[in-house]
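Q: Quick one: the structure is below, questions incoming.
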Amino acid sequence: VNPYTVAVNEIPAYAADPIFQSMVPDWLAMLGNYGPVFQKISALLAGASGGSPVVGLILFKLLSAVCLLLCRTQLGTIAARLGTPMREVDRWFLLNPLVLYCFLTAAHNDTLLMLAVLLGITHILQRHYWSAGCWVGVSISLKTIGVFLLPVLFVYLIIDRPLRDALIAAGKGAAGLS
C-alpha cells in the first residue's frame, strides 16, 4: 500500500486491525505526510511488531531512546567545538523534561529528524560539506521540515570559504540530496 496515495481508512478491514484502533480518527483519512525514509522505518518496525500495538510501541520507544542518546553525542561534539561544557548539554537537552516527555514517553519521531539534522551540523562544523549535504538530504527524507537546514548549510559555506569554493561545495552537497 502506498501511503502517499491511499489513506488508512481506505484499506479494507482497517478497522479490525488493532494497530489502527488507537489512532486519532482524522489521521486515518490522511495520506502519508512523512518522508520515504521514515515510512520505510515505520514499516520495518510495524512488521517486526507482529501486529501487536504494545510491541510496536516498545519498538518505537526503543528507537526514540537510542536516537535521543545519539543526539546527545552529536550535541556533545558540537558543544566541544564551540567550547560549551558537556554538563550544559546534559542540563539543557538530556535532562530537559519536555525533551524526555516528547521523545521517550510519547516516542515522537522527531528524534530521527533531530539526529539527522545534528549529524548535518556536525559535518558542517567539521567542513565535511558533501556528507553534511547527505545528512540534510536524510533529514528531508524523514520529514520535510529538514529542508530548513539547507539555508544554514549554504550560509555557512559562504561565510567559511570564498564564494567560488562555497558554490562548488554546495553543488557537492546538493548532489548528496539526490
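The values are calculated or read from the model by the stated rules, or taken from the named source; none is laboratory data. As the structure is a computational prediction, the values presented were derived from the model and not from experiment. Cβ: placed from backbone, ideal geometry, glycine included. Neighbour counts: every protein chain shown. All accessible areas refer to the heavy atoms of the entire protein, side chains included, with ligands and DNA or RNA removed. Shrake-Rupley method; radii C 1.70, N 1.55, O 1.52, S 1.80 Å.
Q: Residue under question is Leu125, and the condition is that it be touching a Cys at 6+ places or on another chain (Cβ under 8 Å) and either charged (D, E, K, R) or at pLDDT 80 or above (or both); does it hold? Reasoning before the result, please.
A: Details: touching a Cys at 6+ places or on another chain (Cβ under 8 Å): no; either charged (D, E, K, R) or at pLDDT 80 or above (or both): yes.
It is false that Leu125 is touching a Cys at 6+ places or on another chain (Cβ under 8 Å) and either charged (D, E, K, R) or at pLDDT 80 or above (or both).
Q: Name, by its number, the condition in (1) surrounded by fewer than 16 Cβ atoms within 10 Å (Cβ to Cβ); (2) part of a loop (DSSP other than H, G, I, E, B); (3) touching a helix residue (DSSP H, G or I) at 6+ places or on another chain (Cβ under 8 Å) that does not hold for Leu104.
A: For Leu104, the failing item is (2).
Q: Those residues that are in contact (Cβ under 8 Å) with a residue 24 or more places away in the chain, open to solvent by 30 Å² or more (accessible area, probe 1.4 Å), more than 19 Å from Leu75 (Cα to Cα) and not in a loop (DSSP other than H, G, I, E, B), I need them from segment 107-147; list them, please.
A: Trp130, Ile140, Thr144, Ile145 - these are the residues of segment 107-147 that are in contact (Cβ under 8 Å) with a residue 24 or more places away in the chain, open to solvent by 30 Å² or more (accessible area, probe 1.4 Å), more than 19 Å from Leu75 (Cα to Cα) and not in a loop (DSSP other than H, G, I, E, B).
Q: Collect the residues in segment 75-101 that are closer than 30 Å to Val54 by Cα, open to solvent by 60 Å² or more (accessible area, probe 1.4 Å) and assigned to a helix (DSSP H, G or I), keeping them in residue-number order.
A: Pro97, Leu98, Tyr101
Q: Could you please find all residues in segment 27-44 being open to solvent by less than 30 Å² (accessible area, probe 1.4 Å) and within 21 Å of the chain's Cα centre (by Cα)? Can you show your working first?
A: The first filter runs over segment 27-44 and keeps only residues open to solvent by less than 30 Å² (accessible area, probe 1.4 Å), leaving 28, 32, 35, 38, 42.
Gly32, Gly35, Phe38, Ser42 - these are the residues of segment 27-44 that are open to solvent by less than 30 Å² (accessible area, probe 1.4 Å) and within 21 Å of the chain's Cα centre (by Cα).
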